[in-house]
Amino acid sequence: MSVVFPGAYETERLPGENNVTVKTTCTVNDQTYFASYSIHQFEITEQEEMAVVSYESFMSSIGGNEVSKSEWAVKKNKGIKAVIDMNEDYSKLEYRVVLVGNLQYQLVVLAAKNQYDEKSAAAFFDSFKLSK
């Protein structure tokens, strides 16, 4: 996977019981960009269904309000993209998830609604590429 962050970033590796997750975060002008991938021990065969499970788990953990949700296609892989209101509609969060083989990819951009840079967020999401 590759993704272009708009500034300096920090990466951490988190080993789990059945996977390893690598999380990378960058904050520029009070807007946070987040990308992660998890390497699971086994190939995930129900990728679209697992994208739904991942999205529902994410929504449960953050407690936001879904504004919109649709399919996010990366090559031939179908995932989910969503816009979420946070903090009593003070913040905007865009979320994307897709699963490929034994890998799960998540991208997030978060900022206060009045500071959300749509152009920069779009450039971040558009820069996401799967490795060959």
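When the range 72-87 is filtered for residues that are farther than 28 Å from A112 by Cβ and in contact with a helix residue (DSSP H, G or I) (Cβ under 8 Å, 6 or more places away or on another chain), the ones remaining, listed by number, are N77, K78.
Among the numbered conditions (1) within 22 Å of V3 (Cα to Cα); (2) touching a residue at least 24 places away in the same chain (Cβ under 8 Å); (3) hydrophobic (A, V, I, L, M, F, W, C); (4) surrounded by fewer than 17 Cβ atoms within 10 Å (Cβ to Cβ), the only one that V83 does not meet is (2).
Quick check on G79: is it touching an Asp or Glu at 6+ places or on another chain (Cβ under 7 Å) and within 29 Å of E17 (Cα to Cα)? Answer is no for this residue. Within the range 34-45, one or more residues are among the small types (G, A, S) and either in contact with a Leu (Cβ under 6 Å, 6 or more places away or on another chain) or more than 23 Å from G7 (Cβ to Cβ) (or both).
Per the conditions (1) within 13 Å of the chain's Cα centre (by Cα); (2) touching a residue at least 40 places away in the same chain (Cβ under 8 Å); (3) under 20 Å from A123 (Cβ atoms), the sole criterion not satisfied by N29 is (1). V53 meets all of the listed conditions (1) in contact (Cβ under 8 Å) with a residue 60 or more places away in the chain; (2) of a type in the set (A, V, I, L, M, F, W, C); (3) within 17 Å of N18 (Cβ to Cβ) but one, namely (1).
Is one or more of the residues making up the range 1-23 touching a Gly at 6+ places or on another chain (Cβ under 6 Å), surrounded by 15 or more Cβ atoms within 10 Å (Cβ to Cβ) and either of a type outside the set (S, T, Y) or in contact (Cβ under 8 Å) with a residue 40 or more places away in the chain (or both)? Within the range 1-23 (the criterion being touching a Gly at 6+ places or on another chain (Cβ under 6 Å), surrounded by 15 or more Cβ atoms within 10 Å (Cβ to Cβ) and either of a type outside the set (S, T, Y) or in contact (Cβ under 8 Å) with a residue 40 or more places away in the chain (or both)), the answer is no, since none of the residues qualifies. Pairs meeting the criteria (first residue in the range 110-132 and over 12 Å from N29 (Cβ atoms), second residue surrounded by 17 or more Cβ atoms within 10 Å (Cβ to Cβ) and of a type in the set (G, A, S), beta carbons under 8 Å, at least 6 apart or on different chains) are L110/S91; K113/S91; F128/A35. Taking the criterion of being more than 23 Å from L110 (Cβ to Cβ) and surrounded by 11 or more Cβ atoms within 10 Å (Cβ to Cβ), the residues of the range 24-49 that qualify are I39, H40, E43, I44, Q47, E48, E49.
Since every read-out is calculated from the coordinates, none of them should be taken as a lab result. Quantities reported herein were computed from a predicted structural model and do not represent experimental measurements. Cβ atoms come from the backbone with ideal geometry, glycine included; neighbour counts cover every protein chain shown.
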